[in-house]
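What follows draws every value from the coordinates through simple rules; no lab data is involved. From a predicted model like this one, the values you see are computed outputs, not experimental measurements. Neighbour counts are summed over all protein chains in view; Cβ atoms, including those assigned to glycine, are modelled from backbone coordinates with ideal geometry.
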Amino acid sequence: MPQPKCLPGKSFYSIHFELAITIEKWTSLLRKMEISVGEAEKRTGKNTVNMQEIYTVYLIETRPVDAVTEGIIPAPDSLWRRYSEFELLRNYMLVTYPFVVVAPLPEKRAEIVWHKLSADNMDPDFVERRRVGLENFLLRLASHPVLCNDKIFYIFLTEADSRLKAMNAAFRVKNPDKRFTELKHYSDELQTVVSQLLRVRARVADRLYGVYKVHGNYGRVFSEWSAIEKEMGDGLQSAGHHMDAYAASVDDILEEEEHYADQLKEYLFYTEALRAVCRKHELTQFELEMAAQDLASKKQQKEELVTGTVRTFSLKGMTSKLFGQETAEQREAKLQVLEQQIEEGEEAVKEKNTESDEFVKTAWVDIERFKDQKDRDLKEALISYAIMQISRCKKGIQVWTNAKECFNKM
């Protein structure tokens, strides 16, 4: 189906978006429905490879606003969703509405944690934070002037069916670009290794914090000991001061470490940007293939109409056999319609090909720029981090060297 003609200087997407902003400004889904994620529940089941797994589901509750305003508070409609289903919904929104800034999801797992925070995905505090984040995600979608009217989003909130999963599985290009497929795999692998590096760093920082603070006990013991010694007192007191200063320095050290951790986190988030480019390419390729498929279908219909030979079973073909062939005038009228549709289809395929080629060319230039930037930034960050660790170790050696000199003076 051809797209409606656009105003000069404006794309179909921009016109659609502006109209949606104007028309739907006062009709967001939140004006019709209360939406909440009421609770989380741990469950056990089998995954796609038939292995037992433990996972968390979240209770989505909805209630019509009209019923509440009339003084009646009915029981809310509710259904359970896994985090992966929220991911499917967001991916669907990104692909279907490439001109919209779609709200983010809370993190899937506790990737970036440090002192006093649990890295366990089943930790009650983490699950509660994620529940709040998922509710905020739904409220963001429901208040958006475009996304709030999406039928799949409404089904997600109200029907426990698998339509979203089916749509996600159906959205597969037949001839994917190998470069973008490899880029998608690379972004997944980069996310994995950066996440692992941040988790290791968090564990090391936690233990390092403990080691430094324990040195404060050295300082306390040496100070107490100095009170009962006459000749050794001054040396023990001085050594204790060095230990106290060493223990107190850990806060500045870990604050400096956070700076380098933030540089790694930036590239953890960049992986999602890479996948977004891949999804946009998939959408462009998918639209091209659908346009080509539609054109091939129209050409086949024309051939069948001209030759009178039906290649595939169809209801129309069966009807013709039962009730007789169409008249020459009817066939001529249909043939003219098909020729017009074929002409429009060829133009659509040409436009989609141009759009796809331009996207690939433009995107790949920026991807190469990103790769160079990433190599420089991560190399610099890792070298700086190594230098900082060497400096930290030297400070530790210096503390004990100073303590040794204090002991020598006793």
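Values as computed for the structure displayed
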read-out	value
Region 321-410: C-alpha pair distances exceeding 19 Å, %	75
Too-long pairs where the Cα-Cα distance tops 21 Å, listed order kept, from K299/K350; K178/K299; K265/K394; K184/K361; K178/K265; K108/K361	K178/K299; K265/K394; K178/K265; K108/K361
Per principal axis, descending, Cα span of region 131-263 in whole Å	84, 37, 24
Cα-projected label distance for V200 with S384, points at 7 Å along beta-carbon direction, nm	2.0
